[in-house]
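Working notes for the structure below.
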Amino acid sequence: PRTFYLTRHGQSEYNLLGKIGGDSGLTPAGIEYARRLAVFAKEEIAKRHDLEGNVMDDSEISEDANGQPKQRPCRLWTSTLRRTQETAQFIQHDTISHTFDNGDTLDWVQFRQMPRRNLDELYAGTCDGMTYKEIEQVFPEEFARRQADKLSYRYPRGESYMDVTLRLEPLAQEMERTREPVLIIGHQGILRILYAYFMGLDRKEAPYVSIPLNNVIELTPHAYGCHEKRYCLMM
Ligand code: F6P
């Protein structure tokens, strides 16, 4: 089965300041994560999947009869925001030419990249760019309402987790249909929903799922859910 790889962008300027939303770029630590993610993409994603989509262990990673690395085309989806695109910047988009045993050849672009608007972070509307402390001081009632019902709470002029769940539905279905491994560089709120969807969690649990920075979550679908593995690329 194909595998999904979910990661947040590297640390952003806003992460460092504790501000939500916005469209800031990466900090030096964020850039370092982007570099490590590019190595991970090559070594752990591209080389670990054969053309049938099976994950290979170390002993199986090898070259085919024509000296081509046995690897598979992978998809790379980011949001349209700077911090995810900057996190993708070191991932190589080499064209790979594969020759099958019967002599047929196939060219593909490794990690074909696509920015997806429906992967953009939950929009905090009027609160975009504020810290949680500022929200609590300036809009105490809004803050309390969110604490009471994080799933349904919609930021003024912004979105709720429920809204984002709806906008992600077509994307989740596309993931299910995709035959290549997919690497998604996204955001905390977005990845919580995708994770909950594929792990079969209750909707109410989704807004609280732990999706730390600097980690890649590998999900391999099986009959009743997904097998999960987490890789910490940086402390
Ligand atoms: O702080 C990073 C961030 O991605 C914000 O942009 C976003 O509003 C928030 O996390 C989502 O997390 P929570 O729903 O817990 O506030």
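Quick note: the coordinates plus some simple rules give every number you see, no bench work behind them. Predicted model only: the values in this text are computed from it and were never measured. Note: ideal-geometry Cβ built from the backbone for every residue, glycine included; neighbour counts use all protein chains shown.
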Residue by residue, what Karplus-based ³J(HN,Hα) values in Hz, rounded to whole numbers, does the range 91-100 have, using 6.51, -1.76 and 1.60 with θ = phi - 60° and x for Gly and Pro? 6, 7, 10, 4, 8, 10, 9, 10, 10, 7
Under a Gaussian network model of the chain whose springs join Cα atoms within less than 10 Å, the largest fluctuation of T80, T178, T105 belongs to T105
For peptides 117-123, 191-197, sequence by mean Cβ density within 10 Å, most packed first: 191-197, 117-123
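Looking at this model, which pairs from K47/K229; K19/K150; K150/K229; K42/K229 are more than 25 angstrom apart at the alpha-carbon?
Details: K47/K229 17 Å; K19/K150 18 Å; K150/K229 27 Å; K42/K229 17 Å.
Flagged as over cut-off: K150/K229.
Looking only at Cα atoms, what is the convex hull volume of the chain per residue, in Å³?
It comes to 120 Å³ per residue, whole-number rounded.
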Provide the per-residue ³J(HN,Hα) series for the range 175-180, in order, calculated from phi with Karplus coefficients 6.51, -1.76, 1.60 and θ = phi - 60°, each as a whole number of Hz, with x at glycine and proline positions. 4, 5, 7, 5, 8, 8
Leading residue at positive end of dipole, the chain (Cβ point charges), from G21, A34, A172: G21
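Give me the Kirkwood hydrodynamic radius of the range 101-174 in Å, from all C-alpha pairs, to one decimal place? Working shown, then result.
Details: mean 1/r = 0.0658 Å⁻¹.
Kirkwood radius, the range 101-174: 15.2 Å.
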Between the alpha carbon centres of the range 82-150 and the range 174-192 the gap in Å comes to 9
Under 5 Å, built H, 5+ apart or other chain: amide partners of L183: Y5, R75, L76, W77
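Using helices alone, I'd like the mean residue ellipticity at 222 nm for the chain: each DSSP H run of four-plus residues gives -39500 (n - 2.57), total over residue count, nearest 500. It would help to have the intermediate numbers written out before the result.
Working: 7 runs with 69 residues, N = 235.
Taken over the chain, the calculation gives -8500 deg cm²/dmol.
What does the charge dipole of the range 140-235 about its Cα centre add up to, to the nearest 20 debye, if the Cβ of each Lys and Arg holds +1 and the Cβ of each Asp and Glu holds -1?
Values: 13 positive and 13 negative charges, 24 e Å.
Charge dipole, the range 140-235, about its Cα centre: 120 debye, nearest 20.
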Relative to the longest principal axis of the chain, what angle (0 to 90°, nearest 10) does the C-alpha long axis of helix 28-40 take? 30
Pop the C-beta distance of S152 and M234 into the FRET formula with R0 = 25 Å and round what comes out to the nearest 0.05. 0.15
Using +1 at the C-beta of Lys and Arg and -1 at the C-beta of Asp and Glu, which of V182, Y208, T99 has the Cα lying farthest in the positive direction of the dipole of the chain? Y208
Amide H to amide H under 5 Å from L122: which residues, 5+ apart in sequence or cross-chain, H placed 1.01 Å off N in plane? G189, I190
On the formula 1/(1 + (r/R0)^6), with r taken between the Cβ atoms of A223 and F100 and R0 of 22 Å, the FRET efficiency rounded to 0.05 is 0.15
Long-range amide H partners of F111 with built H, under 5 Å: C74
Integer Hz, Karplus 6.51/-1.76/1.60 couplings in order for the range 108-118, x for Gly and Pro: 9, 8, 5, 6, 4, 9, 9, x, 10, 5, 6
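Sorting check: for 73-79, 156-162, which peptide has the highest mean count of neighbouring beta carbons within 10 Å, and how do the rest follow?
Values: 73-79: 21.9, 156-162: 16.0.
In decreasing order of mean packing, 73-79, 156-162 become 73-79, 156-162.
If you take the beta carbon distance between F90 and E44 as r and set R0 to 22 Å, what does 1/(1 + (r/R0)^6) give as a FRET efficiency, to the nearest 0.05? Each step should come with its number before you reach the end.
Values: r = 15 Å, r/R0 = 0.67.
So, using R0 = 22 Å, E works out to roughly 0.90.
Restricting to the chain, compute how many DSSP beta bridges are antiparallel as a %, nearest 5.
Working: 21 of 34 bridges.
In the chain, DSSP labels about 60 percent of beta bridges as antiparallel.
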